[in-house]
Amino acid sequence: MLSNRMSPSDTTPAPPASDALEGELLAAEASELRMATFRLARRLRAERAVDTMSDGQFAVLAALKVHGNHTLGELAERERVTAPSMNRTVNCLEESGHVVRTADETDRRKVNISLSPEGLGVVQETVRRRDAWLVEGLEQLTAAQRATLADAAAIMREVAAR
């Protein structure tokens, strides 16, 4: 079999042609999935309650809603940015009334950042708009297509958890 021959400069047999083809197909599928996921995420991010709010700012509000109060360092770590960068984001959110900084009751050196009622409203309205946009799109699909997407969502969560 030609594909299992060793080249003079290599002592490793070449993979069979079917393995190489399978690898190319898998890479193409991965690329298609990545691009489709990216396009869907970008389109969903466009649905927001405050058009001037950046994705990073909204991510901070969403993190505070889901995970509760955080210190600046905890937020920076969660969002994988530097503390100075997070400080600029939080300053902007505080100036616009979306978050509140308060001294910790037990350690006055520590400052907690929490979601204000206005910030909570932005998160809730943005989520509502994004869900409504997605429902509109799903209504255009067949029941079988929606079932396929439900299965794909479960599989994507599994892949993301690895």
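Values in this text are rule-based calculations from the coordinates and carry no lab data. If you're wondering where the values come from, they're calculated on a predicted model, not measured in any experiment. So basically every Cβ, Gly included, is an ideal-geometry build from the backbone, and we count neighbours across all protein chains shown.
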_Give me the Å³ per residue figure for the convex hull around the C-alpha atoms of the chain._
204 Å³
*Highest-first arrangement of 96-103, 36-43, where packing means the average Cβ count within 10 Å*: 96-103, 36-43
_the chain: angle of helix 17-45 to the longest principal axis, Cα-based, in degrees nearest 10_ = 20 degrees
*State, to one decimal in nm, how far the label point of ASP51 lies from the label point of GLU22, with both points 7 Å from Cα in the Cβ direction.*
5.2 nm
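Fewest to most neighbouring Cβ within 10 Å: what's the order for MET35, MET86, MET53, MET156?
Working: MET35 10, MET86 24, MET53 18, MET156 13.
Listed from fewest to most nearby Cβ atoms, that is MET35, MET156, MET53, MET86.
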*Rounded to 10°, Cα long-axis angle of helix 143-160 versus longest principal axis of the chain*: 80 degrees
*Could you list LEU141, LEU44 in order of exposure, starting from the residue whose Cβ has the fewest other Cβ atoms within 10 Å?*
LEU141, LEU44
*Could you tell me which trypsin sites (Lys or Arg not before Pro) in the stretch 108-142 are loop residues by DSSP with no more than 11 other beta carbons within 10 angstrom of their beta carbon?*
ARG108, ARG109
*What is the spread of the Cα atoms of the stretch 55-116 along each of their three principal axes, largest first, in whole Å?*
33, 22, 21
*asked:* For THR82, THR71, which order do you get if you count the other beta carbons within 10 Å of each Cβ and list the fewest first?
replied: THR82, THR71
_Given points 7 Å out from each Cα along the Cα-Cβ axis, report the ARG88 to ARG108 separation in nanometres with one decimal._
3.2 nm
*ARG39/GLU136 FRET efficiency (R0 25 Å; Cβ-Cβ; nearest 0.05)*: 0.95
_Distance (nanometres) between label positions extended 7 Å along Cα→Cβ at GLU79 and ARG129_ = 1.8 nm
